[in-house]
Amino acid sequence: MQKFNYHTHTSRCGHADLDYTDEEYIIDLIKMGFKKMAFTDHCPEKNEIDKRPNIRMKYHQRLEYLESIKKLKEKYTDKIEIQSGYEVEYLPGEEDNLKELKNETDKLILGQHFIYDDNKNLKIFGSVDFTKEDLTRYAEYIERAMQLSIPNIIAHPDIYMMKREKFGDIEEKVAHMICKSAEKYNVPLEINLNDIFYKTYFENRKLNDFPIEKQKEKLSHVQYPNKGFWNVATKYNIKVLYGIDAHYKGQVALWSELLELSHEILGEKIINKLNFIDTDDF
């Protein structure tokens, strides 16, 4: 079983638990037997583009964030390998700023939550409907980011399935575009466990202790991981890893249960065809 997590947020983003400290994340991961982790909180923007409140840290906070990680790395050096990073989005014109963030950290994960429309306004998944052209642009942004060697990992590549009723021709086209580029540029894709957590154990934003068989009854509401996308992924020689996408107390402790629920969604046939990264390899 994977013993690392490279998708970990902090209270600085404004939508994680505000009283969950950086050190508590580390302690919880150690308790679960993890050997490696990276903090990859939502990145600050040098040029403020995403103006939504409580979505990402402010640019000035990044220095304190990196200093906190440095101290924890030294304190827990004999228990867990700790890395620094950000979750970023690619936008044309922001290449230099993204590379600056990469140069000051160990890992960047690309979680492409939005694109520009033709008038350079943000279109955000979950907020507006995406056209076929929008979905193609989403895939093109991810392709371009990989071409520029910006991300180390593509987080939730199937997030574009939010609010989509079926995995049809355009959805399959996007999956092939992303997977083909991931294979070409050797960038791993993440099976994200966060939507599973939200729709089951954290339903209505409150932890529950229902047995896992009860949680399985809610999986029809999960939008990603998407079975259609990951079936396409099996046709490519790409590396795959899981990401907890941790924001809340109690989320890390449900690691094993969330893995089981992801297998319930995707099916063992797909899982067994995917090339999962070993803890020592990445």
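What is the spin-label model distance, in nm, from Asp118 to Glu23 if the labels are put 7 Å beyond Cα along the C-beta direction?
Those two pseudo-labels are separated by 5.5 nm.
Based on C-alpha coordinates, I'd like the Rg and Dmax of region 30-107, in Å.
Rg and Dmax of region 30-107, Cα atoms, are 13.9, 42 Å.
Nearest 20 debye, what's the magnitude of the dipole of region 91-231 about its Cα centre given +1 on Lys and Arg Cβ and -1 on Asp and Glu Cβ? Present the calculation step by step, with values, prior to reporting the outcome.
On the way: 21 positive and 25 negative charges, 77 e Å.
Charge dipole, region 91-231, about its Cα centre: 360 debye, nearest 20.
Rounded to the nearest whole Å², what accessible area per residue is found for region 156-216 with the 1.4 Å probe?
Using a 1.4 Å probe on heavy atoms only, each residue of region 156-216 averages 50 Å².
Taking Cα centroids, how far is region 26-73 from region 130-146 in Å?
26
Let's see if you can work this out: charge +1 on each Lys and Arg Cβ, -1 on each Asp and Glu Cβ, no other charges. What is the dipole magnitude of the chain about its Cα centre, in debye to the nearest 20?
200
Need one value: the accessible area of His113 in square angstrom, 1.4 angstrom probe, rounded to the nearest 10.
40
Might you report the magnitude of the Cβ-based charge dipole of region 177-262 about its Cα centre, with Lys and Arg at +1 and Asp and Glu at -1, to the nearest 20 debye?
Computed charge dipole of region 177-262: roughly 260 debye.
List the GluC sites (Glu not before Pro) in region 187-226 that DSSP assigns to loop (not H, G, I, E or B) and whose Cβ has at most 10 other Cβ atoms within 10 Å. Which are they? Before the final figure, lay out each step's value.
Details: sites: Glu190, Glu203, Glu213, Glu217; in loops: Glu217.
Taking region 187-226 and a limit of 10 other Cβ atoms within 10 Å, the loop GluC sites (Glu not before Pro) found are Glu217.
Considering only protein heavy atoms and a probe of 1.4 Å, how much of the accessible area of the chain is carbon and sulfur, as a whole percent?
46
Take peptides 63-71, 37-45, 78-86 and line them up by average Cβ neighbours within 10 Å, highest first, as a rough protection proxy.
By packing density, highest mean first, the sequence is 37-45, 78-86, 63-71.
Among Cys43, Thr21, Gln2, which residue has its Cα positioned farthest towards the positive end of the charge dipole of region 1-56, with +1 placed on the Cβ of Lys and Arg, -1 on the Cβ of Asp and Glu, and the dipole taken about the Cα centre?
Going by the Cα projections, it comes out as Gln2.
Placing +1 on the Cβ of each Lys and Arg and -1 on the Cβ of each Asp and Glu in region 70-159, which of Tyr76, Leu98, Tyr116 has its Cα farthest towards the positive end of the resulting dipole?
Of the candidates, Tyr76 comes out farthest on the positive side.
So who's got an amide H within less than 5 Å of the one on Asn5, skipping anything under 5 residues away but keeping other chains? H placed 1.01 Å off N, in plane.
Answer set, sorted by chain and number: Lys36, Met37, Ala38.
For Phe276, which sequence-distant residues (separation of 5 or more, or a different chain) have an amide H within less than 5 Å of its own amide H, given hydrogens modelled in the peptide plane?
Counting only residues 5 or more places away or on other chains, the set is Val240.
May I ask you to rank Phe276, Phe202 by accessible area, largest first, using a 1.4 Å probe over the protein chains only?
Largest to smallest exposure gives the sequence Phe276, Phe202.
Where Lys and Arg each count +1 and Asp and Glu each count -1, what net charge lies around Tyr236 among other residues with Cβ under 11 Å from its Cβ?
Every neighbour counted, the sum reads +4.
Test of understanding: extend the Cα→C-beta vector of Tyr185 to 7 Å, then name every residue of region 129-158 with backbone N under 11 Å from that spot.
Under cut-off, by backbone N: 140-154.
The values are calculated or read from the model by the stated rules, or taken from the named source; none is laboratory data. Note that the coordinates shown come from a computational prediction; the quantities given were computed from them, not determined experimentally. Because the Cβ atoms are built from the backbone with ideal geometry, glycine has one as well, and the counts that use them run over all protein chains shown. For the accessible areas, the whole protein counts, side chains as well, though only heavy atoms, and no ligand, DNA or RNA atoms are used. Shrake-Rupley method; radii C 1.70, N 1.55, O 1.52, S 1.80 Å.
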